[in-house]
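Enquirer: I am attaching a structure below and will ask some questions about it afterwards.
The values are calculated or read from the model by the stated rules, or taken from the named source; none is laboratory data. Just so you know, these numbers come straight off a predicted model, no measurement behind them. Here Cβ is always computed from backbone atoms with ideal geometry, including for glycine, and neighbour counts include all displayed protein chains. The accessibility values were calculated without ligands, DNA or RNA, using every heavy atom of the protein model including side chains. Shrake-Rupley method; radii C 1.70, N 1.55, O 1.52, S 1.80 Å.
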Amino acid sequence: MVGFAAALLFCLWLFQGILTPFVLAAVVAYFLDPVATRLTRIGIRRPLAAFLLIFLLMATALIAALLFYPLILSQIGVLVQRLPSYIAGVGALLQDGLQRLEEAFGPEMVDRRLRDLAINQAGSMLAWLGTATTRLIGGGFALFQVFTLVVVVPVVAFYLLRDWPGMLARIESWLPRRNAAVLRQLARDTDRVLSAWLRGQLLCCAALGIFYAVALQLAGLELGLTIGLLAGVLTFIPYVGSLTGFAAAVLLAMGQFGTWNEVLVVVGIFLVGQTVEGYVIYPYLLGDRVELHAVWVIFALFAGGVAFGFLGVLLAVPMAAALGVIARYWLRRYLESPLYLDPPRTGT
């Protein structure tokens, strides 16, 4: 098993440049397999069900790209044009807030050099945000080759989805008979944890992205659509999406409005979003089925990204889920073993 794992990691490293579309297609097939199974049960043949699902998914993605990409590009143009005024607005608002603190607590509590440093750093952060967002949106589709997205991923996903039950049965037939029952149980546990996590994150990303985009637009934030959708997508990484969207929205609100009342409205929007995520989506819709700790997921995503780039990000959560299931299995075995129940005694 150690040799097999080492060989697998070596193959991932060697072929990481071409594996991304295939892994992405496998993720799509895994996500759509339950729906294809239900369609098969009502009488639709598996190949036709796979074709319909892949076609609907690609049509939805194309419509979303046609609708949102021009809007996001227009908002990025607004950001580029108004970035100097945003920086000036942030500086003026921070100057006003720090002056009030100085009047309230005295000059010994708010040093002038510290105040100037805070204002300059806030302006630098906003300028960096504008430059990074422009590069990300402008070059985002260059990161994913058009041929890969439009042709390779749908075709590979269709064949994987069509043959998914047969492939699982074939892999199961290769398991060593002595350990087949244990390995099947571990695979079922991994599938349960992974599918629950994926459903939960997809639900959170979609719900929070729509909520933040609509709420920030209604609040009058000029870049509310872009910031809201970005915060929703980054919710895939626990806490990172919300914190990133919150910081960006607050800075842009400070630069655009120049008053603390509108900034507090933006803060309230993110507080409501976090409350809905923490007290509605996860407890009532998912319960305790998600057994992946947020810290473990964050570590896996960053470790996978550092080791294999975007391919590692795609593989990070499945590998984290499998390692978590195996670790819990080993822990149960240890707690039931004589090593734990009846440890050896040493005389003195």
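Enquirer: Hey, among the residues in region 157-171 that are among the charged types (D, E, K, R) and part of a helix (DSSP H, G or I), which one's most open to solvent (accessible area, probe 1.4 Å)?
Expert: The selected residue is Arg170.
Enquirer: Take region 191-224 and flag every residue that is open to solvent by less than 20 Å² (accessible area, probe 1.4 Å) and without any contact (Cβ under 8 Å) to a residue 24 or more places away in the chain.
Expert: Passing the criteria: only Ala213.
Enquirer: Scan region 289-308 and give yes if some residue there is more than 30 Å from Ala253 (Cβ to Cβ), of a type in the set (Lys, Arg), open to solvent by 40 Å² or more (accessible area, probe 1.4 Å) and modelled with pLDDT under 80, otherwise no.
Expert: Looking through region 289-308, at least one residue is more than 30 Å from Ala253 (Cβ to Cβ), of a type in the set (Lys, Arg), open to solvent by 40 Å² or more (accessible area, probe 1.4 Å) and modelled with pLDDT under 80.
Enquirer: Let me ask something else. List the number of the failed condition for Ile42; all other conditions in (1) in contact (Cβ under 8 Å) with a residue 60 or more places away in the chain; (2) surrounded by fewer than 19 Cβ atoms within 10 Å (Cβ to Cβ); (3) among the aliphatic types (A, V, I, L, M) hold.
Expert: (1)
Enquirer: Is it the case that Trp174 is farther than 29 Å from Trp260 by Cβ, among the aromatic types (Phe, Trp, Tyr) and open to solvent by less than 60 Å² (accessible area, probe 1.4 Å)?
Expert: no
Enquirer: Return only the number of the condition from (1) under 23 Å from the mean Cα position of the chain (by Cα); (2) open to solvent by 60 Å² or more (accessible area, probe 1.4 Å) that Ile54 does not satisfy.
Expert: For Ile54, the exception is condition (2).
Enquirer: Going by the conditions given, is Leu73 under 25 Å from Leu194 (Cβ atoms) and either open to solvent by 50 Å² or more (accessible area, probe 1.4 Å) or in a helix (DSSP H, G or I) (or both)?
Expert: Here the answer is no, as Leu73 does not meet what is asked.
Enquirer: Of (1) open to solvent by less than 40 Å² (accessible area, probe 1.4 Å); (2) touching a residue at least 24 places away in the same chain (Cβ under 8 Å); (3) more than 11 Å from Phe158 (Cα to Cα); (4) not hydroxyl-bearing (Ser, Thr, Tyr), Phe22 satisfies all except one. Which?
Expert: (1)
Enquirer: Let me ask something additional. Being under 16 Å from Thr226 (Cβ atoms) and assigned to a helix (DSSP H, G or I) narrows it down to one residue among Ala65, Ala61; which is it?
Expert: After applying the criteria, what remains is Ala65.
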